[in-house]
1. Quick one: would you say Ala11 is surrounded by 11 or more Cβ atoms within 10 Å (Cβ to Cβ), of a type in the set (A, V, I, L, M, F, W, C) and closer than 21 Å to Gln89 by Cβ?
2. Given the condition outside any strand (DSSP E or B), surrounded by fewer than 11 Cβ atoms within 10 Å (Cβ to Cβ) and within 17 Å of the chain's Cα centre (by Cα), answer yes or no: does some residue in the stretch 49-62 qualify?
3. Out of the stretch 1-19, which residues are touching a residue at least 24 places away in the same chain (Cβ under 8 Å) and of a type outside the set (S, T, N, Q)?
4. Quickly run through the stretch 19-48 and pick out the residues that are of a type in the set (D, E, K, R), under 16 Å from the mean Cα position of the chain (by Cα) and in a helix (DSSP H, G or I).
5. Here are the criteria: (1) assigned to a loop (DSSP other than H, G, I, E, B); (2) under 14 Å from the mean Cα position of the chain (by Cα). Tell me which single one Val74 does not satisfy.
6. Starting from the stretch 29-50, take each residue that is free of Cβ contacts under 8 Å to residues at least 40 places away in the same chain and list its partners that are surrounded by 13 or more Cβ atoms within 10 Å (Cβ to Cβ) and of a type in the set (Lys, Arg), counting only C-beta distances under 8 angstrom and pairs at least six apart or across chains.
Amino acid sequence: MQDMSGNNRNARDAWNTNARFWDEHMDKGNDFINVLIWPAVERFLSIKDGERILDIAYGNGVTSRRLFKLGAKVVAIDFSETLINIARQREYGMRR
């Protein structure tokens with residue numbers, strides 16, 4: 001089996017390097033997310049108050065924050081430490 005640890009490090013480094021740029025451009029989503037994706041996700045998931053959601057690869061946390069506002073209890077993870085820190089800064093005060 002091929003060792004992918006170098007590739008994983010390179011991918012993480014790239015996301016960490018570009019995290020601030022990504023956050024600046026995806027702060028609250030973009031037209032594609034806001035107009036096409038999010039309405040379909042919201043209808044599909046039909047979140048119930050208190051429902052637990054796992055958000056994998058949550059980036060700057062835009063989807064996690066939206067799910068939280070719908071009443072979900074969200075656990076979120078990401079590969080990029082920088083994006084995790086950005087999301088934590090945005091999530092300050094949102095915990096229930």
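Readers should treat all values here as calculations from the given coordinates under stated rules, not as data from a laboratory. Keep in mind that what you see is a predicted model, and the values were worked out from it rather than measured. Cβ placement follows ideal geometry from the backbone for every residue including glycine, while neighbour counts extend to all protein chains displayed.
1. Working: surrounded by 11 or more Cβ atoms within 10 Å (Cβ to Cβ): yes; of a type in the set (A, V, I, L, M, F, W, C): yes; closer than 21 Å to Gln89 by Cβ: no.
Against the criterion (surrounded by 11 or more Cβ atoms within 10 Å (Cβ to Cβ), of a type in the set (A, V, I, L, M, F, W, C) and closer than 21 Å to Gln89 by Cβ), Ala11 does not qualify.
2. No, the stretch 49-62 has no match at all.
3. Correct list: Ala11, Arg12, Trp15, Ala19.
4. Scanning the stretch 19-48 gives Arg20, Asp23, Glu24, Glu42.
5. (1)
6. Taking only residues 6 or more apart or on different chains, the pairs are Trp38/Arg66; Glu42/Arg66; Gly50/Lys73.
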